[in-house]
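The values are calculated or read from the model by the stated rules, or taken from the named source; none is laboratory data. The structure displayed is predicted, hence computed values, not measured ones. Every residue, glycine among them, receives a Cβ derived from its backbone with ideal geometry; neighbour counts consider all protein chains shown.
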Amino acid sequence: MTPVDAAETARLSEAIEAILRALEVFNRFQGPDLAGRQKSVWQSTLDRPVPQRGAGLDKVLDELTETIIPHGLRVGEPGFSGWMAVAPTTSGTAAALAGTVAGPQRWWIQPFNFLETVALRWLAELLDLPSDLQGTFTSGGSVATLVGLGAARQKALERHGVDPARDGLPPHIRCRIYASEEVHHVVIRAAGVLGLGRRSVASLPADRGQRMDLTELRKALETDRAKGVTPVALVASAGTVNTGAIDPIEEMVELAAEFETWLHVDGAYGLFGKLDPRIAPLYAGLEKADSLVVDPHKWLAAPVGCGAAFVRNRALLGRAFTTEPADYLEGAAWTGEVSSPFDHFGELYHNFNVEQSAPSRGVQVWAVLREIGVEGLRERIVRHNDFARHLASRVKEDRHLELLAEPTLSICCFRYRRPDLGEAELQELNAEIARRLRAEGEYVPSTTRVAGRFAIRPAYINPRTTIAEVDGLADRVREIGDSLVSR
Ligand SMILES: *Cc1c(COP(=O)(O)O)cnc(C)c1O
């Protein structure tokens, strides 16, 4: 029989089995990570002109198993603690594959639509959010930030009788978003995308604990009020990406109310930290936020491409991201008795968001939470926060290590030091230590700056990490530092 299409549409189990072995080997993270050193090898195999004639499924599977997967990204490795990257655990991976095959759109009456709703409600329940904070999944924290601040912009300008989503921004209204200098740079980009301009974000000094300085915030708000500037939002970070510091949410909620503006909480990384009872009090006021962001693809270790925004007023969100009516959609489904999945679009997530077609992220979050429950997640969060505290205490005990920020959540910023070295030399030395750690590959943290000082920055969100890797990193930083200094 002649196939109807050049692409294979069957042989799924054969294809999965073919890559499965390679994936299992990959997930053991054995031997050195050669992806960087051997990049010319795999790049030369992959870098071809577009094929005029297809090579067929078997060739694709060969290249996946032999060239691509073995050189894949090893952020799941137990010693990896860099940036905010993590590999998914098994249930989320299985759910993502299931969604790709059996739920390729989140629309219509089917479980992959319904699980968006269920998983968003579960997230709201575990974070103890009030029911009027309604969620929508996004591709990550960047888009979730855009969604939250898009609602804030709508609210701020509707007060002036302007619909910014419909008419754009009038030139006579000057807008400002208020954040600390520690805010994630996607907040600033969101201001650019929303037409407010990146420079409309006031980057206010943080206090000594890297938290928003409330005196500076009030001063900026008052100065701007006197100049007739419209406040669009205050942004509180609930776990900054640099040090994990949590801004004073409760006080910022009060300031937002006083200045009649919006409070947005960026908890992309740190919102799940609320599950740790030792830290939960720092999230006081969260339930009064107007919008907030959390990334299941970080601490929940869902597959990447899974963020969520919760916004207080869904009608407002609908106005901020409305699409013009389209003939191919209107009347294409009806609201009477459902006798086909296609009789109804299900919950219309694309009306509160910037994405039209999208995978179901709900099924991934559902899978992880169904598997481990809130208690399993809490146990992970507490363990990782303990890792940061354990590392901090080791650093404090060692006169050749220096703690640069007391951990709030699961990030510990520290550096190697020698009393006879100046700031510039310490920076150079620690950058070299970090470079060597990456080259060795056993312990891979990232780096940042804390109050201008160069820091080695492990961030523990990786479910595969154990205390042995935490101690291993401290030992190795010490050893590499000692050997560099002695030369
Ligand atoms: C990761 C992160 C973001 C950006 O989210 P993406 O999912 O990478 O787009 C924003 N804010 C904070 C605090 C983050 O940690």
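Just a few scattered comments:
- Residue list for the stretch 191-205, restricted to those being away from the ligand (no atom under 14 Å from the Cβ) and assigned to a strand (DSSP E or B): Ala202, Ser203, Leu204
- Boolean, Val232 is assigned to a strand (DSSP E or B), out of contact with any His (no Cβ under 7 Å at 6 or more places or on another chain) and within 16 Å of the ligand (Cβ to nearest atom): no
- Tabulated pairs, the stretch 77-91, first under 19 Å from Gly141 (Cβ atoms), second charged (D, E, K, R), C-beta under 6 angstrom, 6+ apart or interchain: Met84/Lys298
- Candidate set: the stretch 130-139, residues that are in contact with a strand residue (DSSP E or B) (Cβ under 9 Å, 6 or more places away or on another chain) and under 17 Å from Leu263 (Cα atoms); chosen: the one farthest from the ligand (Cβ to nearest atom): Gln134
- Glu116 being crowded, with 19+ Cβ neighbours inside 10 Å, away from the ligand (no atom under 16 Å from the Cβ), outside any helix (DSSP H, G or I) and at pLDDT 95 or above: no
- The criterion of being closer than 25 Å to Ala320 by Cβ and over 18 Å from the mean Cα position of the chain (by Cα) does not hold for Ala268.
- Of all the residues in the stretch 58-77, those that are within 29 Å of the chain's Cα centre (by Cα), farther than 12 Å from Phe29 by Cβ and aliphatic (A, V, I, L, M) number 3.
- Test: residue in the stretch 31-51 that is small (Gly, Ala, Ser), within 25 Å of Arg438 (Cα to Cα) and not in a loop (DSSP other than H, G, I, E, B): yes
- Filter result for Ala156 (away from the ligand (no atom under 16 Å from the Cβ), under 22 Å from Gly239 (Cα atoms) and small (Gly, Ala, Ser)): no
- On inspection, Leu73 qualifies as surrounded by fewer than 18 Cβ atoms within 10 Å (Cβ to Cβ) and either closer than 30 Å to Cys412 by Cβ or β-branched (Val, Ile, Thr) (or both).
So that you can scan it fast, the table gives a plain yes or no per residue for (1) within 20 Å of Leu286 (Cα to Cα); (2) outside the structural domain of Phe272 (by TED's automatic domain parsing); (3) away from the ligand (no atom under 14 Å from the Cβ):
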position: Leu120; (1), (2), (3): yes, no, yes
position: Asp128; (1), (2), (3): yes, no, yes
position: Gly141; (1), (2), (3): yes, no, no
position: Ala152; (1), (2), (3): yes, no, yes
position: Gly161; (1), (2), (3): no, no, yes
position: Arg189; (1), (2), (3): no, no, no
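- Checking each residue in the stretch 248-272 for being within 11 Å of the ligand (Cβ to nearest atom) and among the acidic types (Asp, Glu) picks out only Asp266.
- In the stretch 301-315 there is at least one residue that is out of contact with any helix residue (DSSP H, G or I) (no Cβ under 9 Å at 6 or more places or on another chain), at pLDDT below 95 and under 28 Å from Ser139 (Cβ atoms).
Conditions (1) in contact with a Leu (Cβ under 6 Å, 6 or more places away or on another chain); (2) of a type in the set (A, V, I, L, M); (3) part of a loop (DSSP other than H, G, I, E, B), marked per residue:
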residue	(1), (2), (3)
Thr145	no, no, no
Gly148	no, no, no
Val162	no, yes, yes
Leu169	no, yes, yes
His172	no, no, yes
Ile177	no, yes, no
Val186	no, yes, no
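- Residue that is modelled with the lowest pLDDT, among those in the stretch 318-344 that are touching a helix residue (DSSP H, G or I) at 6+ places or on another chain (Cβ under 8 Å) and closer than 30 Å to Leu149 by Cα: Thr323
- The residues of the stretch 209-234 that are touching a residue at least 60 places away in the same chain (Cβ under 8 Å) and not small (Gly, Ala, Ser), listed by number, are Gln210, Thr230, Pro231, Val232.
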